[in-house]
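Here is the structure we will look at, set down as structure tokens.
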Amino acid sequence: MRNSSRSPSSRRGWFAAIGVSCVVALAAAPAMASTAHEPLGDPTPDIRPGPVRVALTTVTTGVFAPVAGITAAGQPTRLYVVDQVGFLWDVPIGDRSQWPVATRKVLDVSDLVVGPSRKGDERGFLGAAFSPGFARDGLLYTYTSEAADGTADYKVPVSTEACAEILPPDHMSVIRRWHVTTTPSGGLTVDRTQAGQGTRVFTFDQPQFNHNGGDLDFGPDGLLYITSGDGGGKDDQDCQTDFDARPMFGHPGGGNGQNLGTPLGKILRIDPAGRTSANGQYAVPSTNPFVGTPGAAPEIYAYGFRNPFRASFDGADLWTGDVGQNDVEEVDHVLAGRNYGWRLREGAFGFDPAGFASKGFQSDAFVFAQPPQAGLVEPVANYDHDDGTAVIGGFVYRGAAMPALTGTYVFGDFTRRLDNRHGRLFGVDVTPASPSTADNVITELRDGPLDGGVIGFGEDSAKELYVLLVNRDGTGGSVERLDQSTP
């Protein structure tokens with residue numbers, strides 16, 4: 001498919017507080033060496049409709065920017081929805097005759113978060129997960145963007161390029177632990193007058209405001225998995241001019257995705273029940289692949305990611321959608337200790353980051369034809385920017401309402417074009433799961449675009465799926481249940 005308009009990666013900042021739309025601006029930087037690579041204008045085939053269609057039913061519009069839907073043990077008729085502006089909502093889903101329903105606020109952390117406050121702002125309340133032992137311990141973990149205070153467990157990597165100023169971090173990613181109580185009606189709540197600010201478990205600074213990742217997931221091993229982007233900006237390298245007209249910093253050497261000394265550009269794994277970390281609030285599992293590797297952050301589970309936005313488990317299999325830059329989006333099957341390629345690769349293609357010299361507000365970076373590389377994991381599936389702008393990771397379907405999709409990884413894209421916020425729903429068969437077959441066929445699950453941008457997914461206790469939308473004008477959002485329909 002032909003990509004007729006190459007706009008910059010800042011389009012990844014789709015989230016909005018109220019009425020905020022995307023921004024597409026990164027200015028030129030000093031000239032870089034020319035390359036012999038030939039850019040690909042049409043990396044992948046068009047995505048076509050598949051044999052299965054899904055219908056959407058509105059569950060609630062009582063949300064603003066819903067990015068994740070999670071469940072808690074003992075709460076089968078409720079979906080708990082993370083809202084980027086700082087709220088965790090209780091969404092009753094048990095009685096379809098009452099849809100659309102009102103929502104109830106479980107937790108308000110809007111006083112702690114920075115963002116979303118401007119165009120393209122990806123910061124805020126980004127993820128949450130209830131403890132596997134929630135019925136016993138009542139614990140909730142949250143992932144928030146907060147003001148950097150100089151106390152992060154991991155600081156921004158030090159830039160070595162002469163053009164890169166040493167600036168304060170934009171913000172800090174914070175994992176917190178909260179004690180949850182039950183309301184008289186059987187729902188959940190966090191009493192901030194008693195809980196205060198919860199307990200800070202794990203923190204790391206972010207050089208720029210975007211590419212935060214932001215997902216939290218407990219695996220079947222009882223450990224907490226954390227997705228983290230490469231720190232933001234463009235090309236995962238220093239020197240480009242950022243939104244504030246100052247040179248980029250915090251991406252030294254070959255970039256954060258390939259740097260084992262930083263949690264940026266990684267999927268991390270910790271044991272939040274342990275207390276042997278330097279800060280005394282978590283433990284590093286002894287089975288983590290880089291424990292004992294000199295200079296490596298031991299929390300790293302896998303690396304080489306740009307912005308793994310939304311992750312989920314299907315049994316023992318971990319899946320994520322990694323947001324691309326100018327050309328290609330990808331779906332990854334995540335394995336311990338493996339390298340997923342960024343910034344050496346974008347999707348199943350080579351990535352040339354060294355060309356931001358002449359395009360003004362656009363990056364010159366591009367993909368080029370390159371066979372699979374030793375030591376780098378190929379995506380399970382990928383697509384180019386004729387079909388979307390930012391992949392939104394979903395779930396492998398295991399429910400009963402859409403039998404034709406059993407074993408299909410259901411995911412989406414924020415919008416096909418940045419100027420309209422019409423999201424898309426996709427599926428790719430991952431039965432059996434294959435970590436290195438980028439030619440897997442992606443199919444579209446709707447005959448037409450959605451009336452809003454896709455920014456997340458949820459899965460209820462019965463394994464049924466929900467797509468989370470932000471309105472086309474950015475003034476609110478909705479939670480939509482997926483059901484199988486007739487093409």
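Just so you know, all these numbers are worked out from the coordinates, no wet-lab data involved. All values derive from a computational prediction rather than experimental measurement. Glycine also receives a Cβ, built like all others from the backbone with ideal geometry; neighbour counts cover every protein chain displayed.
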>> Pairs on different chains or at least eight residues apart, Cα atoms closer than 30 Å: how many lysine pairs in the chain fit?
In response: 12
>> Tell me the label only: which of (i) 1.21; (ii) 1.05; (iii) 0.90 is Cα Rg over 2.2 N^0.38 Å as calculated from this structure?
In response: (iii)
> Which distance in nm do the two modelled labels at ASP95 and SER485 give, with both placed 7 Å along the Cα-to-Cβ direction?
Replying inline: 2.6
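Normalised by the residues of the chain, what does the relative contact order come to in percent, with Cα pairs under 8 Å and at least six apart?
Working: 1492 pairs, mean separation 92.5, N = 487.
Answer for the chain is 19 percent.
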> Sorted by mean Cβ packing within 10 Å, highest first, what order do the peptides 201-211, 392-402 take?
Replying inline: 201-211, 392-402
> Relative contact order (percent) for region 254-382, with alpha-carbon contacts under 8 angstrom and 6 or more residues of separation?
Replying inline: 20
> Counting only residues 5 or more places away or on other chains, whose amide H sits under 5 Å from the amide H of VAL396 once H atoms are built in the peptide plane?
Replying inline: VAL410
>> Quick query: amide H of GLN206 versus all other amide H atoms, modeled in the peptide plane; which residues come in under 5 Å with a sequence gap of 5 or more or a different chain?
In response: ASP170, HIS171, MET172, SER173
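If packing is taken as the average count of other Cβ atoms within 10 Å, what order do 299-312, 60-73, 441-454, 178-191 fall into, highest mean first? Walk me through the intermediate numbers first.
Details: 299-312: 26.9, 60-73: 23.4, 441-454: 19.5, 178-191: 14.5.
So the order, starting with the most tightly packed, is 299-312, 60-73, 441-454, 178-191.
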> Fewest to most neighbouring Cβ within 10 Å: what's the order for PHE349, PHE411?
Replying inline: PHE349, PHE411
> For the charge dipole of the chain, defined by +1 on Lys and Arg C-beta atoms and -1 on Asp and Glu C-beta atoms about the Cα centroid, which residue among PRO252, PRO353, ILE267 has the Cα displaced farthest towards the positive pole?
Replying inline: ILE267
> What is the set of long-range amide H partners of ALA55 at a cut-off below 5 Å, with H atoms built 1.01 Å from backbone N?
Replying inline: ASP483, GLN484, SER485
>> What are the ³J(HN,Hα) couplings of region 224-235, residue after residue, when phi is run through the Karplus curve with 6.51, -1.76, 1.60 and θ = phi - 60°? Round to Hz, x for glycine and proline.
In response: 9, 9, 10, 9, 9, x, 7, x, x, x, 9, 6
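How long is the gain from SER117 to THR199 if the chain were fully straight, where each residue apart is worth 0.36 nm and the alpha carbon distance is subtracted?
Taking SER117 through THR199 to full extension adds about 27.0 nm, to one decimal.
Can you put VAL54, VAL479, VAL82 in order of Cβ neighbours within 10 angstrom, beginning with the fewest? Spell out each step's value before the answer.
Details: VAL54 23, VAL479 28, VAL82 31.
Final ranking by Cβ density, sparse to dense: VAL54, VAL479, VAL82.
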> Once fully extended, how much extra length lies between VAL158 and ASP42, figured as 0.36 nm per residue of separation less the alpha-carbon to alpha-carbon distance?
Replying inline: 38.1 nm
>> Whole angstrom only: what separates the Cα centroid of region 183-255 from the Cα centroid of region 280-297?
In response: 19
> In nanometres, what is the gap between the two model label sites at ASP451 and HIS179, each 7 Å from Cα along Cα-to-Cβ?
Replying inline: 4.6
>> Report the gain in length on full extension from THR276 to THR151: 0.36 nm times residue separation, minus Cα-Cα distance, nm rounded to one decimal.
In response: 43.2 nm
>> At 222 nm, what value in deg cm²/dmol follows for the chain if DSSP H runs of at least 4 each add -39500 (n - 2.57) and the sum is divided by all its residues, to the nearest 500?
In response: 0 deg cm²/dmol
